[in-house]
Every structure is written in structure tokens, then in C-alpha cells.
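First the structure, in the form of C-alpha cells, and then the observations on it.
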């Protein structure tokens, strides 16, 4: 059975914020390329759900959160049954403790 990837509202909002920031600060082309790369990286997660390292700052949660680094961003996700949930797209240049808000 194929594993499906779902994006939480938070993760989609994060993607939109990344897009808007780079569209304004760099260009529309740069923003599209960056967001496309982030979305495309979920194929790696879909093919190998345990590829990501465990997120130690979320170790006390119900699910085992993992992350994959793409450029300056962490794609934080968890797996359950036959699906993967993308919890957030976190900018690694922020204070790491902000991850706990996930």
C-alpha cells in the first residue's frame, strides 16, 4: 500500500510565508524554486519515512517527530499507519526552542 503525504494547515501556512518572503526579498522565480524544492523533498520522506532524524525538542509528544533538512529549513513530520503528516516547515535560523510550538 502506498504511503500518502498530508500537509497540516500550519505547514501550508509556513510554505506560504516562505514563498511571500522570498517573492518580496528576492524574486518570484526564487520563491517558486525554493517552495518547489521543499515540496519535492517530501518524496524522499514518502519513499523512506524513517529517513529523517528524530526531533529531540519534540520527544515528549504523542508521535515520534522526525525532520529533514532542506536548505535553511527543517521539514518536521510524523508517520502513522500508511500516512505521513508534515507538521511544519521550520526556518533553522530561528531560535530552536520555537519548534516546541509545533
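The values are calculated or read from the model by the stated rules, or taken from the named source; none is laboratory data. This is a predicted model, so every value here is computed, not measured. Heads up, the Cβs are rebuilt from the backbone with ideal geometry, glycines too, and the neighbour counts pull from every protein chain shown.
Key figures for this structure:
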quantity	calculated
Which listed residue is touching a strand residue (DSSP E or B) at 6+ places or on another chain (Cβ under 8 Å) and over 17 Å from residue 3 (Cα atoms), from 30, 18	18
Residue within region 68-75 that is closer than 16 Å to residue 3 by Cβ and at pLDDT 95 or above present	yes
Residue in region 24-39 that is surrounded by fewer than 11 Cβ atoms within 10 Å (Cβ to Cβ), free of Cβ contacts under 8 Å to residues at least 40 places away in the same chain and under 21 Å from residue 9 (Cβ atoms) present	no
Test: residue 69 is under 19 Å from residue 92 (Cβ atoms), out of contact with any helix residue (DSSP H, G or I) (no Cβ under 7 Å at 6 or more places or on another chain) and surrounded by fewer than 18 Cβ atoms within 10 Å (Cβ to Cβ)	yes
Residue satisfying condition, being more than 22 Å from residue 22 (Cβ to Cβ), in contact with a strand residue (DSSP E or B) (Cβ under 8 Å, 6 or more places away or on another chain), surrounded by 18 or more Cβ atoms within 10 Å (Cβ to Cβ) and in contact (Cβ under 8 Å) with a residue 12 or more places away in the chain, within set 84, 75, 99	84
Qualifying residue in region 52-66 (condition: crowded, with 17+ Cβ neighbours inside 10 Å, modelled with pLDDT of 95 or more and part of a strand (DSSP E or B))	yes
Total residues in region 58-72, condition more than 21 Å from residue 9 (Cβ to Cβ) and touching a residue at least 24 places away in the same chain (Cβ under 8 Å)	1
So residue 93, is it surrounded by fewer than 12 Cβ atoms within 10 Å (Cβ to Cβ) and either more than 11 Å from the chain's Cα centre (by Cα) or within 19 Å of residue 13 (Cβ to Cβ) (or both)	yes
